[in-house]
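Data first, discussion second: the structure below is written as structure tokens.
The values are calculated or read from the model by the stated rules, or taken from the named source; none is laboratory data. Since the model is a prediction, treat every value here as computed from it, not as a measurement. Cβ atoms come from the backbone with ideal geometry, glycine included; neighbour counts cover every protein chain shown.
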Amino acid sequence: MTEPRITQGKSWALGAPVISCVFNEDGVGAFACGDGTVRLFADERDPVPVEAHKGAVLSLCLHPQDGFLSGGDDGRLVHVLPGEGTTELFHQKGKWIENIASSEATGLIACTAGKDAVVLDGKQPVRFTHATTATGVAFDPKGRRLAVSHYNGASLWWTKSSSQAPTVMNWKGSHVGLMWSPDGKFLVTTMQEPALHGWRVEDAADMRMTGYPARIKSMAWEHRGKVLMTAGAPKVIGWPFTGRNGPMGREPLEIGPDRDGLVVCVATHPEFDLVAAGTSDGAVWMQWIGEEGANIVALDLPRISCMAFSPDGSVLAVGTEDGYAALIDAA
């Protein structure tokens, strides 16, 4: 296997697929891996494995107070606290915990288990059941409302009670993930087909975003929350979400160099107008939004699966399905 070429930074062969990566506010990062470990890292030191699951890790996000949350194919939701090990928070026998979310605003934690979305707040778990498999979960910016994607759309639930009828956002097709806009006015789902679908939350007005040659597996908001950057095309496609109508009737941005591969993963800088992308031909590049010329920072990173900037934007973490992890200098 060809070794990655990193212009500035360091890479490791972890020996297991990297599913997701994330940093906490202190700059400590985590790679979730297919061998059941969460690999913790900081300051380019070698990642330290923490045994989290008896099987593959399927999902990873920040814990609302400290550390990380991981979900696995063993049906467990686990709190991974650096230096203190792991704590099981929830277990659903026979189900995969494929999607997790947390809210710093309310301290709530949510995960999916089959057709259920489950909200944890330290008391009895609250379950929201859907007609089909729950494929994605996300809290609104205030942490009071939960969005769940599923076949034929998404459902919105108030988090404190299961005795309610959800607000259903309808659109035919298989919706496989979702994201709120930072202002809470829009909800966007990725689909099994090469398209995005969005809704204006106040009135469920539909917003169709098409024209992609491949399924969109990654999206990220630029640091002001005005443009949604997406993978799935030869360049990063950025949809403007300013104004009441969002991207409707407006042309998206196209960002990046001309390469043979498609963009498979995107990440946005936390402070500046900078977007990073990983492509299907194994390259990682960064480019300033609105400017020409991309800086290629890595090559030969096969099957890129995840990317994340550190809180100060100085480091870009990258993981691949082939088991490589890299920390790239973004300063």
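Details
- Meets criteria (buried (at least 17 other Cβ atoms within 10 Å of the Cβ), within 15 Å of Met179 (Cβ to Cβ) and touching a residue at least 40 places away in the same chain (Cβ under 8 Å)) for Ala276: no
- On the stretch given as segment 242-269, residues that are over 19 Å from the mean Cα position of the chain (by Cα) and touching a residue at least 40 places away in the same chain (Cβ under 8 Å) total 6.
- Considering segment 289-331, and only residues there that are over 23 Å from Val227 (Cβ atoms) and among the acidic types (Asp, Glu), the residue that is farthest from the chain's Cα centre (by Cα) turns out to be Asp300.
- Here the condition is being exposed (fewer than 15 other Cβ atoms within 10 Å of the Cβ) and in a strand (DSSP E or B); of Asp206, Asp183, it holds for Asp206 alone.
- Flag for Thr86 being at pLDDT 95 or above, farther than 25 Å from Asp26 by Cβ, assigned to a strand (DSSP E or B) and not aliphatic (A, V, I, L, M): no
Here is a yes/no grid of residues against (1) at positive phi; (2) in contact (Cβ under 8 Å) with a residue 60 or more places away in the chain:
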position: Thr133; (1), (2): no, no
position: Asn152; (1), (2): yes, no
position: Val168; (1), (2): no, no
position: Val176; (1), (2): no, no
position: Asp183; (1), (2): no, no
position: Tyr212; (1), (2): no, no
position: Val227; (1), (2): no, yes
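- Of all residues in segment 317-331, those satisfying the criterion of being among the hydrophobic types (A, V, I, L, M, F, W, C) and in contact with a Cys (Cβ under 9 Å, 6 or more places away or on another chain) are Ala317, Val318, Ala325.
- Within segment 76-109, if we keep just the residues that are small (Gly, Ala, Ser) and farther than 23 Å from Gly34 by Cβ, the residue that is nearest to the chain's Cα centre (by Cα) turns out to be Ser103.
- Meets criteria (under 21 Å from Gly238 (Cα atoms), modelled with pLDDT of 95 or more and either buried (at least 21 other Cβ atoms within 10 Å of the Cβ) or out of contact with any strand residue (DSSP E or B) (no Cβ under 7 Å at 6 or more places or on another chain) (or both)) for Leu178: yes
- Test: Leu60 is under 19 Å from the mean Cα position of the chain (by Cα), more than 29 Å from Ala294 (Cβ to Cβ), among the hydrophobic types (A, V, I, L, M, F, W, C) and part of a strand (DSSP E or B): no
- Those residues of segment 106-150 which are of a type in the set (Lys, Arg) and either closer than 15 Å to Phe90 by Cβ or buried (at least 24 other Cβ atoms within 10 Å of the Cβ) (or both), in sequence order: Lys123, Arg127
- Tally of residues being in contact with a strand residue (DSSP E or B) (Cβ under 8 Å, 6 or more places away or on another chain), part of a loop (DSSP other than H, G, I, E, B) and more than 18 Å from His223 (Cβ to Cβ) across segment 257-300: 10
- Any chance Leu187 is modelled with pLDDT of 95 or more, in contact with a Phe, Trp or Tyr (Cβ under 6 Å, 6 or more places away or on another chain) and farther than 23 Å from Ser305 by Cβ: yes
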